[in-house]
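Below: one structure, written as structure tokens.
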Amino acid sequence: MNYFGLAPLARHLQTTRRSFLIGATAIGSSLVVGFSAEADVAPAAAKPVANPFVGYVQIAPDDTVTIFSSQMDMGQGIYHGIATLVQEELDADWVKVSVIGGFGNTALYGNVPFGGKIQMTGGSSGTASSWERYRRAGATARAMLIAAAAERWNVPIGEIKAQNGTVSHASGKSTTYGALAASAASGPVPADVVLKEPSEWKYIGNEALPRYDSAPKSSGRQQYTIDLREPDMLTAVMIHPPLFGATLKSFDASKARAMKGIVDVVSTPRGVAVVGTGMWEVMQAREAVTVEWEDDKAEKRSSREIAAEYRAAADKGGEAVAANVGDVDAAFAKAAKVIEASYEFPYLAHAPLEPINAAVRMNADGTLEVWGGHQMPDAYQAVAAKVAGIAPDKVILRVMKTGGGFGRRASVDSDIIVEAVATAKAMGWTAPVKVQWTREDDMRAGRYRPAFAHKMKAALDDSGNLVALRDTLVGQSIAKDSFMEKSLVKNGVDVLSVEGMANQPYAIPNLRVDLTTTTSPVSVLWWRSVGSTHTAYALETFIDEIAYAVGKDPVEFRLAMLKDKPRHAAVLRLAAGKAGWSTPTPAGRFRGVAVAESFHSYVAQVAEISVDGSGRPKVHRVVCAVDCGVAVNPDQVRAQMEGGIGFGLGAILKSQITLDKGRIVEGNFDGYDVLRIDEMPSVEVHIVKTSAPPTGVGEPGVPPIGPAVANAMFKATGRRIRILPFANSENS
Amino acid sequence: MRITLNGQATDLDVDPAKPLLWILRDDLGLVGTKYGCGQALCGACTVLVDGQPVRACQTAIADIVGRSVVTIEGVSGKVAEVVQMTWTKLDVPQCGYCQSGQVVATIALLNANRKPTENDINDALSGNICRCNTYHRIRAAVHEAAKLLEA
Ligand code: FES
Ligand code: FES
């Protein structure tokens, strides 16, 4: 399946080389290199854009190298990845390299796998999008530095070396990149540059390259949006509607206004903002505001009712068809054996450890600065401009590193941006304002992984072959009613609802996947690995169930149906082999396996568990095999697999957001339980060596862990867990 | 009200009920100590009070008058150095947001116990949530730091 249904990656990687145009410019005495992604767009330097001084790479006279990233870093390490790509070709002094977020120029920063039309971090596409672009940026800058040195020293280009931030010639002449930056910037831009061959790589694939931001992040020095302390900046907390779909009728803030440290209480399109000098002050004052809400159209159901409705809808069959291969009805009519299973998945909160926030300041020159985890800069710039009533090119985005994200900071309605800009505007732009959600706000303000139901059915022939598979899915659409609808919803099917199932990998002659899209004011969003959070669980536990039903080994059963899927098969074999799948498990331990492709990366995992006296699993060890194309930073690939496994494991074991007459029950980490260190298994990651173009790793570690553990649970207890999380009371 | 903060006598004229977390962050500008839950459920705000790990979000300033508070900005000494070096060497952080709390809690653990077992680590750190789930590396880094301190 394509990234979000947009242009296929492979085609892009073939054409990007030809269609890149190069631009370079001098800013002061710095060299700035940028490209435009489309051949019909003028080079960045020549085009008047919101931020003409933003390119890809800037080399300053003091030898510092600043890379402008098209991707935001929420911890997945893409800044490090992009720095590695630039460094591979530029060969600067690594300790002088830093990365900041670029914005305001879709031609420069458009996400390549998304067709270059939107700047967005998502779909685990950051490395794929950057692979050509940032290596070429580094190579172009280096070529221009060498050309400048050749001219200055009057020696042939071919005799000049440039490495580790220094340009040198055999005659003994030597100078730094920074010293050449100004003259390089005024020289001609090479029409094309030759990138290094893989055999020449020093940084790509280098295990020893230290992540450039580990030290500040180990000493409390990394700055996040919550840490902003601009002069006179005020802090605000929101009062959101208590029910989804409720709207503000009126509020009385007279008591709150009189409290110490409170500056103002204002209404915004998304609720009431309590503004003051500090977080403690505004949190207390918030309790003193009384609000009346209009809740006629609000969601008032409870989770149990919603689940019952989903079950009934699943029994009826889906309203829209996502996949239809062969003749499923005929195959079921002839089946020797039919197996059925229904699954229920709860809403899930992303709960990044830094709760959602943004800060704004209207400057004297009419520009509006907006700080935050800008995962969709184009959209946020446009929305900020609209709410402020100014032109988009007056909005300066300050892209902050964030304390996690997991999808939450790419909000299709720009929720926190609207709140921050509207609050500052309602105060007449009298002060810079930071809107900071509390943990409770974060848990209860929506944008959840949608709840889903699956009803699966398999037809087997006499010899135990899987001849037909049906799945009916029921759940809310993420893309519907958003600006993404046109590209993501096809024939009534949101590709994000069915990804991982409609394109399931097994050779099954008859397949039908259909979908009923439900609606609710409860807002939903992509949550690390999106549709595959539930489709991989349903598919991979069901396939396992069928394997046991026909008396086949779960690995062999899968491999027999993966003959045309060499990358799935290879990671499955690798994980099984490294986990000792065919050897006996230690006493009291049980193994389960799962494999899934998501975002063009292939991951298989074998989980080894034991079960305690009260029937709860303990996951001891996970062996993970991943094929993500070229591993730009192998250690970061490993880190993302480890993190994805923990993230997915916590969710399937313990996490759920539930509604009680429309109200969200869970408010903090007591109700919304997440994985903790004592529950983290030891993880072994094996990376497939390949020359395939790089794909993502931020999300693909998540999908297989749930079904791998559930399959091990079956081995241990004979029970199939079909209502998630495992801790759901209906399982006990 | 006076406390010793990172070695310096510090006088505070604030609401006695105000949590240490917001005094550090909003009044004193020491933003290395993080807010994650406000309810002593996540450990992001862990600081040392007289050497013991404490959740600053649930510590009213009135309750620690006269005591010595050390935040991530003020940790020092051999154990702190080794822990931070190990964290960097193993590239533990992902987003990094929980790591002030993890590092401070680990320093407290290793100050008290130079050879922590798996269970000791679980006991000391299970109150510190990492939503990026860097737990695997945190565990490895604690063991590595303990090994280096022994040498
Ligand atoms: S913020 Fe104090 S424990 Fe979470
Ligand atoms: S590193 Fe992100 S929360 Fe721990």
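Looking at the range A:400-419, which of its residues are touching a Gly at 6+ places or on another chain (Cβ under 7 Å), within 14 Å of chain B (Cβ to nearest Cβ) and of a type outside the set (Gly, Ala, Ser)? Hits for the range A:400-419 are A:Met400, A:Thr402, A:Arg409.
Within the range A:582-607, the set of residues being more than 16 Å from A:Arg719 (Cα to Cα), touching a helix residue (DSSP H, G or I) at 6+ places or on another chain (Cβ under 7 Å) and part of a strand (DSSP E or B) comprises A:Ala594, A:Val595, A:Ala596, A:Glu597, A:Ser598, A:Tyr602, A:Val603, A:Ala604, A:Gln605, A:Val606, A:Ala607. Quick check on my filter: what residues within the range B:102-120 are more than 16 Å from ligand 2 (Cβ to nearest atom) and either at the interface with chain A (Cβ under 7 Å from one of its Cβ atoms) or in a helix (DSSP H, G or I) (or both)? Residues satisfying the conditions are B:Ile107, B:Ala108, B:Leu109, B:Leu110, B:Asn111, B:Ala112, B:Glu118, B:Asn119, B:Asp120.
Among the residues of the range B:20-37, those that are within 10 Å of another protein chain (Cβ to nearest Cβ), away from ligand 2 (no atom under 16 Å from the Cβ) and not β-branched (Val, Ile, Thr) comprise B:Leu21, B:Trp22, B:Arg25, B:Asp26, B:Asp27, B:Gly29, B:Leu30. Within the range A:674-687, residues that are facing chain B (nearest Cβ under 7 Å) have Cβ atoms under 8 Å from residues that are acidic (Asp, Glu) in these pairs: A:Val683/A:Glu642, counting only partners at least 6 apart in sequence or on another chain. With the requirement that a residue be of a type in the set (D, E, K, R) and away from ligand 1 (no atom under 13 Å from the Cβ), what does the range B:17-40 give you? Across the range B:17-40, the qualifying residues are B:Lys18, B:Asp26, B:Asp27. For the range A:169-182, a residue qualifies if it is among the small types (Gly, Ala, Ser) and in contact (Cβ under 8 Å) with a residue 24 or more places away in the chain, and the qualifying residues are A:Gly178, A:Ala179, A:Ala181, A:Ala182. Restricting attention to the range A:98-137, the residues being assigned to a helix (DSSP H, G or I), of a type in the set (S, T, N, Q) and crowded, with 24+ Cβ neighbours inside 10 Å number 3. Can you tell me which residue in the range A:183-207 is farthest from the other protein chains (Cβ to nearest Cβ), limited to those that are free of Cβ contacts under 8 Å to residues at least 24 places away in the same chain and among the charged types (D, E, K, R)? The extreme case among them is A:Asp192. If you check A:Asp481, A:Asp378 for being surrounded by fewer than 23 Cβ atoms within 10 Å (Cβ to Cβ) and either assigned to a loop (DSSP other than H, G, I, E, B) or in contact with a Gly (Cβ under 7 Å, 6 or more places away or on another chain) (or both), only one passes: A:Asp481.
Regarding A:Cys628, is this residue among the hydrophobic types (A, V, I, L, M, F, W, C) and within 14 Å of chain B (Cβ to nearest Cβ)? So A:Cys628 fails the test. Restricting attention to the range A:325-338, does a residue exist that is at pLDDT 95 or above, part of a strand (DSSP E or B) and within 16 Å of ligand 2 (Cβ to nearest atom)? No, that holds for no residue.
To keep it simple, each residue is scored yes or no on (1) within 30 Å of A:Glu230 (Cα to Cα); (2) modelled with pLDDT of 95 or more.
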{"residue": "A:Val399", "(1), (2)": "yes, no"}
{"residue": "A:Arg408", "(1), (2)": "yes, yes"}
{"residue": "A:Ala451", "(1), (2)": "no, yes"}
{"residue": "A:Val467", "(1), (2)": "no, yes"}
{"residue": "A:Leu488", "(1), (2)": "no, no"}
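For the range A:641-654, filtered to residues that are within 11 Å of chain B (Cβ to nearest Cβ), of a type outside the set (A, V, I, L, M, F, W, C) and in contact (Cβ under 8 Å) with a residue 40 or more places away in the chain, the residue that is surrounded by the fewest Cβ atoms within 10 Å (Cβ to Cβ) is A:Glu642.
Can you confirm whether A:Pro509 is surrounded by fewer than 21 Cβ atoms within 10 Å (Cβ to Cβ) and in contact (Cβ under 8 Å) with a residue 60 or more places away in the chain? Judged against the criteria, A:Pro509 is a match. No other residue among B:Ile72, B:Ile64 is at the interface with chain A (Cβ under 7 Å from one of its Cβ atoms), within 16 Å of ligand 1 (Cβ to nearest atom) and either at positive phi or not acidic (Asp, Glu) (or both) apart from B:Ile72.
Just so you know, in the range B:41-61 the residues that are within 11 Å of chain A (Cβ to nearest Cβ) and assigned to a helix (DSSP H, G or I) include one that is farthest from ligand 1 (Cβ to nearest atom), and it is B:Ile61. Give the residue, chosen from A:Arg638, A:Arg676, that is within 19 Å of the chain's Cα centre (by Cα) and surrounded by 19 or more Cβ atoms within 10 Å (Cβ to Cβ). Checking each option against the conditions leaves just A:Arg638.
Within the range A:347-365, the set of residues being more than 18 Å from the chain's Cα centre (by Cα) and among the hydrophobic types (A, V, I, L, M, F, W, C) comprises A:Ala358, A:Ala359, A:Val360, A:Met362, A:Ala364. When B:Ser76, B:Ser126, B:Ser68 are checked against the criterion of being within 16 Å of ligand 2 (Cβ to nearest atom) and surrounded by fewer than 24 Cβ atoms within 10 Å (Cβ to Cβ), B:Ser126 stands alone in meeting it. Across the range B:121-144, the number of residues qualifying as more than 9 Å from every other protein chain (Cβ to nearest Cβ) and charged (D, E, K, R) comes to 1. From (1) within 7 Å of chain A (Cβ to nearest Cβ); (2) surrounded by fewer than 21 Cβ atoms within 10 Å (Cβ to Cβ); (3) under 21 Å from A:Asp227 (Cβ atoms); (4) away from ligand 1 (no atom under 12 Å from the Cβ), pick out the condition that doesn't hold for B:Gln94. Going through (1) within 7 Å of chain A (Cβ to nearest Cβ); (2) surrounded by fewer than 21 Cβ atoms within 10 Å (Cβ to Cβ); (3) under 21 Å from A:Asp227 (Cβ atoms); (4) away from ligand 1 (no atom under 12 Å from the Cβ) one by one, B:Gln94 breaks only (2). Contact map, the range A:408-428: first residue at positive phi and aromatic (Phe, Trp, Tyr), second residue assigned to a helix (DSSP H, G or I) and surrounded by fewer than 24 Cβ atoms within 10 Å (Cβ to Cβ), Cβ cut-off under 7 Å, separation 6 or more or different chains; the map is empty. Of all residues in the range A:352-373, those satisfying the criterion of being more than 16 Å from ligand 2 (Cβ to nearest atom) and among the acidic types (Asp, Glu) are A:Asp365, A:Glu369.
Checking each residue in the range B:78-98 for being in a loop (DSSP other than H, G, I, E, B) and in contact (Cβ under 8 Å) with a residue 24 or more places away in the chain picks out B:Leu90, B:Asp91, B:Val92, B:Pro93, B:Gln94, B:Cys95, B:Tyr97, B:Cys98.
Cβ-Cβ contacts under 7 Å between residues 6 or more apart (or on different chains), taken from a first residue in the range B:30-52 that is of a type in the set (S, T, N, Q) to a second residue that is within 12 Å of ligand 2 (Cβ to nearest atom), are listed as B:Thr33/B:Ser100; B:Thr46/B:Gly101; B:Thr46/B:Asn128. Being closer than 21 Å to A:Val282 by Cβ and within 16 Å of ligand 2 (Cβ to nearest atom) holds for only one residue in B:Ala44, B:Ala17, B:Ala60, and it is B:Ala44.
For the criterion of being within 14 Å of chain B (Cβ to nearest Cβ) and in a strand (DSSP E or B), A:Ala351 fails.
The values are calculated or read from the model by the stated rules, or taken from the named source; none is laboratory data. The model shown is predicted, which means the values in this text are computed figures rather than measured ones. Don't worry about glycine lacking a Cβ; one is built from the backbone with ideal geometry, like all the others, and counts go over all protein chains shown.
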